[in-house]
Amino acid sequence: MYNICGALPDEALQAIVRQVKARDSAPAAGCRAQHGIDQLAAAYGARLRGLRQEAADSNRAPQALAWFPEHLSRVASLFDAFTGEAGATGGSALEPAVRLAWNALAYESFVVAGTGWLEEWVHQSLRCLLRVVEADPMGVLRADLGSLDDEAVAHLRSCCMGAGAQRPESAAATCDDELCRQVCSSEAETLRFLSGLARGCRLLADLSILDAARGAVLDAAAGVVRDAVAAHQMQWGACALASLAQNLGCAARVLDVLLANPPGQTLAAHVETQLYEQFSALRVGELFSIIVDYPDSRPAIDDLRDCVAKLGNMRHVAVSLRNAVQQRLLHPGATTSDILTQYISVIRCLRLLDPSSTMLEIVAQPIRGYLRSRDDTVSCIVQDMVSSESELFEDLESGPAALLDSTPEGIDYDEDCDSRDWQPLPVEAKSVYRTAQRRDADVLSLLVSIYDTRDVFVHEFEAHLAQRLLACAGFDTAREIRQVEMMKLRFGAPALERCEVMLKDMADSKRVNQGIAESGRASSCHQATVVSRQFWPASAAAQEQAVVLPPQMAAMRERFAAEFEALKPARKLEWRDAQALVTLRVQLEDRAIEVEVRPAQAATLFAFQDRPALTLAEVAQALECAEDFALPRLRFWQTRGVLRETRPGVFETVESEAGGSGATGPRDAPGGPPRGADSDEEPDDLGAAAGAPSGAGAEALRVHFNFIVAMLTNLGPLPLDRIHGMLGMFLPGDTTTAEELRDFLAQMVREDRLDVAGGLYKLK
Amino acid sequence: MKLTVTAWRDVAGWRWDVPDDEVCGICRTPFDGTCPTSKFPGDDCPLIWGECSHAFHMHCLIKWLETPSSQQQCPMDRRPWITAK
């Protein structure tokens with residue numbers, strides 16, 4: 001100001017001074033009157049404070065609903081007196097000044113020194129109103145107030161006023177719920193409540209407190225919304241948002257009408273905003289659990305979608321879900337199949353929430369990365385894919401969906417612009433290309449695209465198929481043929497060629513077996529699957545030491561081989577003991593059991609057919625195998641209660657269980673019911689045990705293990721070839737091969753004595 | 001004790017009656033596999049033996065004999081190709 005004055009010319013300054021003086025002197029009379037009003041206001045302020053104090057002393061806050069209009073009416077009479085006296089002092093010319101003074105008083109009384117009564121009253125009113133709307137005993141609120149034309153408003157007002165005449169003091173409704181119940185208990189009660197409400201509102205409007213206390217009203221409304229939303233916590237079975245919005249909106253509009261809120265400042269608008277925000281916050285916090293419950297929680301997803309559409313907080317929802325997923329799912333405690341199941345649900349839910357898949361992109365990224373780091377992801381997906389109850393199988397069944405990486409580069413993103421429901425991608429979509437691709441991909445494609453290559457799935461499927469084909473009885477491959485056909489649709493026929501060869505082998509084997517059976521020259525109980533060595537997965541062809549089969553079994557094979565070689569000249573058969581299954585009937589003196597075993601296990605027992613007791617060495621000699629190989633097979637029969645170990649290394653048959661229950665073998669289970677032929681896993685377990693290093697080499701390595709430990713202690717983590725080289729250097733007589741050593745070290749890792757990472761072995 | 005085999009689901013791998021590590025001299029894939037033109041091994045992709053005792057995938061050899069430069073000779077020893085009986 002000083003600077004400006006300095007910049008002005010003298011005449012201009014003089015003019016301003018003259019003007020200011022003139023304005024100060026003119027309304028001298030008004031000024032005196034203003035002074036009178038101020039004094040009056042001070043006096044009334046004191047009386048208002050007295051009223052407030054009285055109310056505070058009587059501690060009526062819980063009964064605000066009934067009591068507040070009373071308080072208001074006393075305030076109103078004060079107001080009347082005040083305006084009367086002020087009018088007498090200053091006349092109508094001073095009316096604006098009187099208003100101003102009163103507003104200041106009201107503001108001080110209701111807001112600054114806020115006792116919370118106004119807020120409490122609005123809160124209780126709105127809650128009761130909400131309850132009335134929900135129950136709607138009159139049918140009038142929803143029907144007429146929904147549209148809110150003048151006529152309906154008049155109707156409501158008359159309803160309220162008419163009933164207000166005989167309104168008695170509401171007695172002892174202390175807590176909110178009780179109040180609400182009372183209000184809804186009968187039509188008369190409802191009308192009485194409405195009339196009280198209308199009276200309070202009219203007084204509030206007349207006293208012009210609302211402008212000053214709007215904040216308190218809005219807070220109270222937000223509180224009601226919060227309570228209403230909280231009641232829907234964990235309730236995902238039904239859509240809640242629409243009815244909440246309708247009821248709350250209706251209740252708020254009633255208050256709007258009664259308070260005569262101007263259109264720009266309606267309570268209804270505020271309540272709606274609050275509702276969406278708070279409801280969204282509730283469901284976003286629960287989203288992870290909602291997805292766990294999917295599809296039972298479908299209504300909750302629909303609600304959330306409405307919220308997201310309204311608030312546009314897609315990114316926030318996605319990020320918060322991503323955090324929840326990282327915290328609750330992507331940890332070592334979750335099994336891979338659980339993670340996959342949840343990932344599939346996440347895909348389906350987020351597709352519902354956001355058809356553009358932008359959210360999915362944000363949430364899926366860490367899940368995909370984590371799944372990639374798990375070893376058994378591929379086998380889990382393949383298992384899921386081919387088990388006919390799963391959702392993935394439906395995807396597989398539903399036919400050819402373009403696989404992500406089979407789409408040529410530069411997918412034509414614009415092509416769907418023609419369709420009417422085209423929507424631009426949200427700004428959150430970082431990579432238009434990938435999102436556009438993923439949008440159209442089905443769940444299975446998304447899972448397959450976790451890996452950069454599809455070969456892993458095809459290989460896993462081959463292994464799975466081989467297992468199933470060898471396990472299926474009677475060469476019935478209809479199911480497998482269908483699976484392969486569906487896989488071809490998805491992964492392309494060239495990738496599945498090996499599987500086709502496998503299926504053809506099955507068909508050929510069936511024919512050969514039928515031919516041989518019809519010729520009558522071979523044993524009817526021996527069926528053989530003849531596989532093409534180059535096309536079946538190598539893992540299934542686990543090397544197993546061949547044993548000498550007993551004559552009757554060997555004869556079966558020979559007959560089959562002879563027939564086969566006659567049918568297919570210039571070809572030879574190589575039997576695969578590790579995959580064959582023999583159903584053996586063991587007839588003992590007092591019992592008979594039927595067991596499905598590997599040929600080597602059968603051969604072990606056949607050794608006892610002629611002589612009831614044999615030593616380990618004799619068994620090994622009969623089978624022409626190592627003792628280490630024979631021993632697990634003997635133990636197998638021991639657990640079945642067929643053999644027992646009388647002395648260390650000496651086994652004999654348990655012809656009758658009653659006589660054999662003495663202090664015999666350590667793992668003998670006399671009296672235990674013999675398990676039937678249905679337990680498929682037994683022979684498999686033993687097959688796995690055979691794969692473990694059990695040969696003489698492994699035993700020798702166990703002796704050297706201390707040496708390896710010392711090596712790793714001194715030199716730190718070492719790769720396999722270094723360890724092998726060191727062993728060769730320091731133990732000249734050692735003939736261990738690198739493979740044996742690797743198997744042995746793997747065994748040590750399994751036994752938790754070593755660690756392997758990145759090809760380096762190190763100590764625990 | 002009496003043991004009876006009531007059922008036996010056996011598994012065997014077949015192989016051509018040729019030395020173990022040999023591959024077809026023309027396509028260099030294993031005999032038990034397929035030649036480049038066949039999809040299935042075995043009956044669909046048979047072997048053929050010459051009197052010179054060399055064996056090939058039949059499709060491979062036919063293709064070879066069709067080329068003018070073969071002069072109807074065995075690709076391994078350049079003796080006239082005569083299929084073994």
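The values are calculated or read from the model by the stated rules, or taken from the named source; none is laboratory data. It should be emphasised that the depicted structure is a prediction, and the values quoted were computed from it without experimental measurement. We place every Cβ from the backbone using ideal geometry, glycine too, and count neighbours over all the protein chains shown.
Listed by position, the strands (runs of 3 or more DSSP E) contained in the stretch A:558-641 that have at least 2 residues being within 11 Å of chain B (Cβ to nearest Cβ) are A:571-575, A:581-587, A:592-597. Out of A:A507, A:A528, A:A471, one residue alone is more than 30 Å from A:Y370 (Cα to Cα), at pLDDT 85 or above, loosely packed, with under 15 Cβ neighbours inside 10 Å and among the small types (G, A, S). It is A:A507.
Looking only at residues that are in a helix (DSSP H, G or I), more than 19 Å from A:S297 (Cβ to Cβ) and not charged (D, E, K, R) in the stretch A:341-366, which one is nearest to the chain's Cα centre (by Cα)? Ranking the qualifying residues of the stretch A:341-366, first place goes to A:A364.
Just so you know, in the stretch B:33-54 the residues that are among the small types (G, A, S) and within 8 Å of chain A (Cβ to nearest Cβ) include one that is farthest from A:L503 (Cα to Cα), and it is B:G33. Could you list all residues from the stretch A:320-331 that are part of a helix (DSSP H, G or I) and either surrounded by fewer than 16 Cβ atoms within 10 Å (Cβ to Cβ) or assigned by TED's automatic domain parsing to the domain that holds A:E272 (or both)? Selection gives A:N323, A:Q326, A:Q327, A:R328.
Under the condition of being in contact with a strand residue (DSSP E or B) (Cβ under 8 Å, 6 or more places away or on another chain) and at pLDDT 85 or above, the residues counted in the stretch A:537-549 number 0.
Quick grid of which residues meet (1) in a helix (DSSP H, G or I); (2) of a type in the set (D, E, K, R); (3) without any contact (Cβ under 8 Å) to a residue 60 or more places away in the chain:
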residue: A:R226; (1), (2), (3): yes, yes, yes
residue: A:A242; (1), (2), (3): yes, no, no
residue: A:H270; (1), (2), (3): yes, no, yes
residue: A:E277; (1), (2), (3): yes, yes, yes
residue: A:S280; (1), (2), (3): yes, no, yes
residue: A:V317; (1), (2), (3): yes, no, yes
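Going by what's in this entry, would A:A334 be described as out of contact with any Asp or Glu (no Cβ under 7 Å at 6 or more places or on another chain), in a loop (DSSP other than H, G, I, E, B) and not assigned by TED's automatic domain parsing to the domain that holds A:L287? So A:A334 fits the description; yes.
In this structure, is A:R315 of a type in the set (K, R) and more than 27 Å from the chain's Cα centre (by Cα)? Here the answer is no, as A:R315 does not meet what is asked.
Checking A:I381, A:I367, A:I362 one by one, the residue that is of a type in the set (V, I, T), under 30 Å from A:L275 (Cβ atoms) and out of contact with any strand residue (DSSP E or B) (no Cβ under 9 Å at 6 or more places or on another chain) is A:I362 and no other.
Scanning the stretch B:1-29 for residues that are within 7 Å of another protein chain (Cβ to nearest Cβ) and among the hydroxyl-bearing types (S, T, Y), we see that the one that is farthest from A:Q552 (Cα to Cα) is B:T6. Looking at chain B, the strands (runs of 3 or more DSSP E) lying wholly inside it that each contain 3 or more residues that are within 30 Å of A:A580 (Cα to Cα) sit at B:2-16. The listed residues are A:Q534, A:Q527, and the only one of them that is assigned to a strand (DSSP E or B), facing another protein chain (nearest Cβ under 10 Å) and touching an Asp or Glu at 6+ places or on another chain (Cβ under 8 Å) turns out to be A:Q527.
As a summary of the residue check, A:A546 satisfies the conditions (1) within 11 Å of another protein chain (Cβ to nearest Cβ); (2) among the aliphatic types (A, V, I, L, M); (3) farther than 21 Å from A:A517 by Cα except for the one numbered (1).
Answer with yes or no whether A:R479 is on the phi < 0 side of the Ramachandran plot and buried (at least 18 other Cβ atoms within 10 Å of the Cβ). When the stated conditions are applied, A:R479 does not pass them. Checking A:D721, A:D755 one by one, the residue that is assigned to a strand (DSSP E or B), acidic (D, E) and at pLDDT 70 or above is A:D755 and no other.
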